[in-house]
Amino acid sequence: MKNEKKSATATAATTSVAVDDPYELRASPRFFIVCMALTFAFPFLAGTVAVRTFHLMPNFARTLLDLKEGGGSTSGGVGIDRDTADGDSLGAAILGNDDEDEDEDEDEDDDEDDDEDEDEDEDEDEDDENKFQSAVPPGTGLQLNVDIRYVDPSFLMSQNALLESINKIVSKASLRLYSFHCHKHTSGGEANTLRGLNCVGMLSEGSHVSLNTWLKENAGDGVVSFSILSSGPNQLKLQWDVLPVVEKVLARGSDKEGAVKPLVEWSLSQRQFRVVKGYPRNVYWEDLGGEYVVFSKLKKMEIASAQTPFQRIDIYDIIDPQETSLANYQKSLSNDGSYQSRHPEHFAPTRVVFLDGVMQSTSRGNEPYHEALVQPGMFAHSNPKRVAIIGGGEGATLREVLKHRSLETVVMIEIDEMMVKESTKHLYPRWNGCGDFEGSTDSCFDDPRADVRYEDALAWFMNKFTDENVNDEEVVKEKFDVIIMDALDPEDTVAFADVLYQNDVFMKSIYNGLNDDGILIAQLGGSPVLVDPPEEVSADKNRASMRRQIVGLGYQSMHSYSEHNCGFEASWTYLVACKDAKCRSNWYKNPAQVDESIHRRILRSKSGKSLLEYFDGTTMASYHIPRRAVETVYCRQFNQPEECRFGTEGWSQRVLGTGDGQVAVVGQDDLAVTVSDDGEVESVVAKRDIPSLSYIESGEVLRIPAQVETMMNLYKDFHDYSPITNFIEKSGMSLEDMEQKGGMYISSGVQALVKNTDSESGANIGHMSTWVSLLKSQNNSTQAQCESSSGGAPEGAGTLRISPESPVMARKLPHFESAYLLSLRDIAKGEEIMKKPGH
């Protein structure tokens, strides 16, 4: 109190009242007020400091008491063992760093402020990012885990050095260190002793930090295991701001000659519960956090990170030890003449592109994904000249379109210009390089055929191709042969995904923007698996919505197919929808025909290599029939399509609506074939009574490809009669009768000999699809409901025709149209079996 009293005396002496003795009661009122204030204020401040010391930093307070009394650590490991210190105790180190050296901390803060001022321009993008994602949901946190090997042993056993490092890390994380204590540990025998430190610290905002070190006796290196959990608003800084500091202050290698450079492995995991509503999107909730940064064994190198007005872009190089060992990668960078050094492309890291944390494409799956997206639909069109791309900021979809020599113009509409710029910097040439194309440019974005526009694609199409102007002469000239949707995944959680895939006005403008033989191509996200629920109530609801809209708009042929080499966790689904069913003749070309089309249409390369690295005729053949899981999930719709019941419930009367038992089966022996003297089949008659809606057993179903039909027609031009062609023409079922081209099917059984009749009443048997269509008409099928909900089908599209997107029909069309025959009424013994042409 002496200093305060002297100060008060000096203050009183400056007043207008003469004060001979500073302790006399006749002192000025000002002197009296100051004394009273100090009397009450100082004890209050001292008490507050004491309370905060004991409550917020209990270990530090206890340490001070222990040091003063000469005692050791408290029991239970809550104190700090003075014997673990090198020179000064850790408690003294904390005291020196947090309290006694406050001026030094202020100087360091000033230095950091100066550095931030100098780097203000460089950190501008980072500041924008932090503003964009500054609000984090309560109850969430991120935990950064770092393992470092080959660390200098002298550093590992210096508690002061470790504490200094921890303080720098915590400061960079925008947190405060409340308490920190360490214990020595030893393990192993005399010949193999491990020793080190176990340290833990409590941080502000419900966060904590831990540090474990291991050092083998007489060894030249040590190991550090570091972890920090941040639960506050700055948790998103752990990777981009904190991780570099951790590597800098903890990954300290030895200065000895021949010492190995420290090896760092890190992971970042989300802790506690994910909360979405009302908060900005967190990139670690998506693929970036769930499948990549969470695994420490993956070698992760950040190439670029940028926040655009629309999304966050992250690009990483990743080495998975299960695919490429670090030793092979390092050898590929050398010039030692090894196979790795001569073929470094096989051992290079996988470059991965993330948008808002969602993986978009990888260097390993670049060609399979983008060639599978573009090429099947492009070759389904006979002569694509004008093409539009919705999205595609990486440039790879544009690259695939530019490979076609028939192309005159491709309009790419990408809303995010920064995405294109980042792709040009960091994804060239693997994604968007066209330098090997004859007649093109180094960058695909600069190709003279490419018209790249930075606009909202939805608004662009909805304004240009409305129902009112769709037939205007100028609008017709701007229509496209092919439109490719390479935008957000349908299962994406952002609100814009719903806007994109559930917007009937936009989908109608796409339809209006296509020529009469135009084709729509779209990627529809991860492929379904057998256990998936109906898409209407799953994460794939947008995919189901888009398919319903496409069917309702009147596309005549739809093809769903999958590709499993895209580099994603699951196979990927694509859709090709044709306004004209004639595209089926191109879709179902055999591998040789497709390879011929590739040779004729694809540009030549300057290097002499094929510009298509993945797609060819055989690959196209694998896209002809949808996977079984696609059919299974399709048939789980709430309003199950009738064709599903025929394909999944077997020979059940319930399917036909005639009871609960099994449908009667009429075998080949139940039918008799009468033949004339000259060998011609006269009739096929029933050898017994056949109940209505009985199955007529079929023989083997044979497919006659469309090109064979063409050869048959040429043969008829030069020959009057051929038994084979006559039999096929009379007994075969052409898919043209269903407006679905692609070949002819014929059964080798007795039913193939049944005569046709033009009379409805005369026909007593019909194919399965006939009964399916009748059921669809009677039961207000899913097809009819879809057309109603989407504003009605185009003129001429009746409900009797089975949906062109049905994977059941795509997989079982030959059986429905040639194999599965039903008796349409009771057939008496001896009655001739008759069917209508096409039935």
> Based on the Cβ-Cβ distance of His599 and Tyr339, what FRET efficiency does E = 1/(1 + (r/R0)^6) give at R0 = 35 Å, to the nearest 0.05?
Replying inline: 0.60
>> Under the rule a/c < 1.5 gives rounded, and otherwise a/b versus b/c splits prolate from oblate, where does the stretch 363-497 land using the Cα gyration tensor?
In response: oblate
> To the nearest 20 debye, what is the magnitude of the charge dipole of the stretch 165-245 about its Cα centre, counting +1 on the Cβ of each Lys and Arg and -1 on the Cβ of each Asp and Glu?
Replying inline: 200 debye
>> Report, in listed order, any pair from Lys755/Lys812; Lys168/Lys237; Lys216/Lys248; Lys479/Lys579; Lys755/Lys829 with a Cα-Cα distance greater than 20 Å.
In response: Lys755/Lys812; Lys216/Lys248
>> Could you compute how much accessible surface Phe379 exposes when probed at 1.4 Å, giving the result in Å² to the nearest 10?
In response: 20 Å²
> Averaged per residue, what accessible area in Å² does the stretch 423-582 show with a 1.4 Å probe, protein chains only?
Replying inline: 40 Å²
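Students often check this: by mean Cβ neighbours within 10 Å, which of 344-356, 467-479 ranks highest, and how do the rest follow?
Put in order of decreasing packing, that is 344-356, 467-479.
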>> Suppose the chain between Glu438 and Asn565 were pulled fully straight at 0.36 nm per residue; how much longer would it get relative to their current alpha carbon spacing?
In response: 42.9 nm
>> Students often check this: by mean Cβ neighbours within 10 Å, which of 380-393, 234-247, 446-459 ranks highest, and how do the rest follow?
In response: 380-393, 234-247, 446-459
> Tell me, what HN-Hα J-couplings in whole Hz come from the Karplus equation 6.51 cos²θ - 1.76 cosθ + 1.60 at θ = phi - 60° for each residue of the stretch 341-350, using x for Gly and Pro?
Replying inline: 6, 7, 9, x, 5, 7, 10, 6, x, 7
> Can you pull the percent of the stretch 145-261's accessible area that's carbon plus sulfur, 1.4 Å probe, other chains left in place?
Replying inline: 48 percent
> Over the heavy atoms of Phe226, what accessible area does a 1.4 Å probe trace out, to the nearest 10 Å²?
Replying inline: 0 Å²
> Leaving out ligands, DNA and RNA but keeping every protein chain, what accessible area does Ser597 have, in Å² rounded to the nearest 10, with a 1.4 Å probe?
Replying inline: 10 Å²
>> Explain nothing, just compute: Karplus ³J(HN,Hα) = 6.51 cos²θ - 1.76 cosθ + 1.60, θ = phi - 60°, for every residue of the stretch 157-173 in order, whole Hz, x for Gly and Pro.
In response: 9, 9, 5, 4, 5, 5, 5, 4, 5, 4, 4, 5, 5, 4, 4, 5, 7
> Gly525's amide H: which non-local residues (gap 5+, or another chain) put their own amide H closer than 5 Å, with H modeled 1.01 Å from N in plane and none for Pro or chain starts?
Replying inline: Thr573
>> For a quick check: with amide H placed at 1.01 Å from N, whose amide H comes under 5 Å from Ser207's, ignoring anything fewer than 5 positions away on the same chain?
In response: Ser231
>> Rounded to whole Å, give me the distance from the Cα center of the stretch 334-401 to that of the stretch 482-559.
In response: 22 Å
>> Taking only the Cα atoms of the stretch 134-197, how large is their convex hull per residue, in Å³?
In response: 146 Å³
> Quick one: which of 687-694, 567-574 comes out on top by average Cβ neighbours within 10 Å, and what's the full order, highest first?
Replying inline: 567-574, 687-694
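Solvent-accessible area per residue for the stretch 236-369 at a 1.4 Å probe radius, Å²?
Accessible area per residue: 49 Å².
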> Leaving out ligands, DNA and RNA, what percent of the accessible area of the stretch 294-379 is carbon and sulfur, probe 1.4 Å?
Replying inline: 51 percent
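On the protein heavy atoms, probe 1.4 angstrom, tell me the percent of accessible surface of the stretch 384-438 carried by carbon and sulfur. Could you put the intermediate results ahead of the total?
Working: 810 of 1660 Å².
On the stretch 384-438, the fraction of accessible area on carbon and sulfur atoms equals 49 percent.
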>> As a test of the definition: which semi-axes, in Å, follow for the stretch 319-443 when you take the square root of five times each eigenvalue of its alpha carbon gyration tensor? Largest first, please.
In response: 31, 17, 14
> Over the alpha carbons of the stretch 465-529, what is the largest minus smallest coordinate on each principal axis, giving the biggest first in Å?
Replying inline: 44, 22, 15
> Given Ser334, Phe347, Ala380, which one lies farthest toward the positive end of the charge dipole of the stretch 263-414, if we put +1 on the Cβ of every Lys and Arg and -1 on the Cβ of every Asp and Glu?
Replying inline: Ala380
> Mind checking the dipole of the stretch 417-542: about its Cα centre, +1 per Lys or Arg Cβ, -1 per Asp or Glu Cβ, Debye to the nearest 20?
Replying inline: 300 debye
> What is the extension gain from Lys256 to Lys216, computed as 0.36 nm multiplied by their sequence separation minus the C-alpha to C-alpha distance, in nm to one decimal?
Replying inline: 12.7 nm
>> Spelling out what I want: for every residue of the stretch 322-337, take phi, set θ = phi - 60°, compute 6.51 cos²θ - 1.76 cosθ + 1.60 (Karplus), and round to whole Hz; glycine and proline get x.
In response: 6, 9, 9, 6, 4, 5, 5, 5, 5, 5, 5, 8, 8, 10, 8, x
>> Could you work out how much longer the chain between Arg628 and Asp669 gets when fully extended? Use 0.36 nm per residue separation minus the Cα distance between them, nm to one decimal.
In response: 11.4 nm
>> Working only with C-alpha atoms, what are the Rg and Dmax values of the stretch 472-590, expressed in angstrom?
In response: 15.0, 50
> Taking amide H positions as placed 1.01 Å from N in the peptide plane, with prolines and chain starts having none, which residues 5 or more places from Met834, or on another chain, fall under 5 Å of its amide H?
Replying inline: Asn764, Ile765
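The values are calculated or read from the model by the stated rules, or taken from the named source; none is laboratory data. Just so it is clear, the structure is predicted and the values come from calculations on it, not from any experiment. Here Cβ is always computed from backbone atoms with ideal geometry, including for glycine, and neighbour counts include all displayed protein chains. Remember, those area values only see protein heavy atoms, side chains included, never the ligands or the DNA or RNA. Shrake-Rupley method; radii C 1.70, N 1.55, O 1.52, S 1.80 Å.
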